[in-house]
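Just so you know, all these numbers are worked out from the coordinates, no wet-lab data involved. Keep in mind that this is a model prediction, so the values were computed, not measured. Backbone-built Cβ (ideal geometry, glycine too); neighbour counts: all protein chains shown.
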Amino acid sequence: MKKSYGLIGFPLSHSFSKKYFSNKFLTENIKDCTYELYEIDEIKKVDQIFQIEGLQGLNVTIPYKHDIMAYLDGLDHSAKKVGAVNVVKISAEGHRTGFNSDYYGFRRSLETWLPEVKSYHAMVLGIGGAARAVLAVLEDLHIPTLKVSRDATKGDIDYHELLRRPELLHKHKLIINTTPLGMLPNTDAKPGIDYSQLGKEHFLYDLIYNPAETSFLAEGKKRGAHTKNGLEMLELQAEKSWEIWNS
């Protein structure tokens, strides 16, 4: 019997995971596995997917990373910490456990890129769902973090205050964009920070991977900042999914 894996979410017009695993199975000559897309318009339909013969695991994307937890039997540390699940492992006995491989992907890519990261202060732009794994990692690494949001009641400060206080950009040398600003097709968009305050001592990390260089990263690079996009994090979280399913 073939081992079945897949992705649930809505909509699923663009899927990195499908391409990644299809290519992995091909290049590594893995012939007994399939990876399918399951576009479901309401979470309760996941019950039908769990009945698929040979199903070993699922990836979970928006808007179900939180709602899926009600359909699971347990959560690992990463999922509990982040408060969201993007990987489900199904045991031979049918036990369903939730994990968050975004946590692993971001942490490993950050520590590899910036080994001395624990000596930095971080600034996180955006406090939506994509920020959850980032904030969990920074907390576990004991990195002082300033959260910037359009709504100051949700973050630590809003962008207006950030623009009024340039010293905050001097203090927080690691700046992470978790917003969708700059993603295709709106590639001219970027977070509203004062880019003139950036320099070679800054490290800019953008969770976006398409385009490879967002306006946020390009503005930083112009001023000598070190930059990194989200592709490695995405690849690492996908590989972590495979490791979880096969451990």
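Could you tell me which of Phe25, Gly74, Gln48 has its Cα farthest along the dipole of the chain towards the positive end, charges placed at Cβ (Lys, Arg +1; Asp, Glu -1), taken about the Cα centre?
Working it through, the farthest residue towards the positive pole turns out to be Phe25.
In the range 1-96, what GluC sites (Glu not before Pro) fall in a loop by DSSP, with at most 16 other Cβ atoms inside 10 Å? The partial results should precede the final answer.
Working: sites: Glu28, Glu36, Glu39, Glu42, Glu53, Glu93; in loops: Glu28, Glu42, Glu53, Glu93.
Filter output for the range 1-96: Glu28, Glu42, Glu53, Glu93.
Simple spin-label model, 7 Å along Cα-to-Cβ: Lys44 to Arg164 in nm?
Simple spin-label model gives 4.8 nm for this pair.
Quick one: putting +1 on the C-beta of Lys and Arg, -1 on the C-beta of Asp and Glu, what dipole do you get for the range 3-99 around its Cα centre, in Debye to the nearest 20?
So the dipole magnitude of the range 3-99 works out to roughly 320 debye.
Restricting to DSSP loop positions (anything but H, G, I, E, B) with no more than 15 other Cβ atoms inside 10 Å of their own Cβ, which trypsin sites (Lys or Arg not before Pro) remain in the range 19-70? Display every interim value, and only then the final one.
Working: sites: Lys19, Lys24, Lys31, Lys44, Lys45, Lys65; in loops: Lys31, Lys65.
Answer in residue order: Lys31.
Could you derive backbone 3J(HN,Hα) for the range 207-215 from the dihedral phi with the Karplus parameters 6.51, -1.76 and 1.60 (θ = phi - 60°), listing whole Hz in sequence and x where the residue is Gly or Pro?
My calculation for the range 207-215 gives 5, 5, 10, 9, x, 5, 10, 6, 4 Hz in order.
About the Cα centre of the range 183-239, what is the dipole size in debye to 20, counting +1 per Lys and Arg Cβ and -1 per Asp and Glu Cβ, all else neutral?
The calculated dipole for the range 183-239 is roughly 260 debye.
With +1 assigned to the C-beta of every Lys and Arg and -1 to the C-beta of every Asp and Glu, and no other charges, what is the dipole magnitude of the chain about the Cα centre in debye, to the nearest 20?
On the way: 31 positive and 32 negative charges, 82 e Å.
Its charge dipole is roughly 400 debye.
Return the aspartates and glutamates within reach of Lys81: Cα separation strictly under 13 angstrom, same-chain partners fewer than 8 residues apart disregarded; answer none if there are no such residues.
Hits, sequence-local ones excluded: Asp102, Glu139, Asp140.
Loop only by DSSP, 12 or fewer other Cβ within 10 Å of the Cβ. Give me the GluC sites (Glu not before Pro) in the range 140-247 that pass, ordered by residue number.
Values: sites: Glu161, Glu167, Glu201, Glu213, Glu219, Glu232, Glu235, Glu239, Glu243; in loops: Glu201, Glu213.
In loop regions of the range 140-247 (DSSP not H, G, I, E or B), the sparsely surrounded GluC sites (Glu not before Pro) are Glu201.
Taking a cut-off of 29 Å between Cα atoms, list the lysines near Lys3, but don't count ones fewer than 8 places away on the same chain.
Within the straight-line cut-off, Lys3 pairs with Lys18, Lys19, Lys24, Lys31, Lys44, Lys45, Lys65, Lys80, Lys89, Lys240.
Hey, could you grab the Kirkwood Rh for the range 123-247? Inverse mean 1/r over distinct alpha carbon pairs, Å, one decimal.
Final number for the Kirkwood radius of the range 123-247 is 15.1 Å.
Could you tell me the relative contact order of the range 3-99? Use alpha-carbon pairs under 8 Å, at least six residues apart, and round to a whole percent.
Taking the mean separation of contacting Cα pairs over the length of the range 3-99, I get 30 percent.
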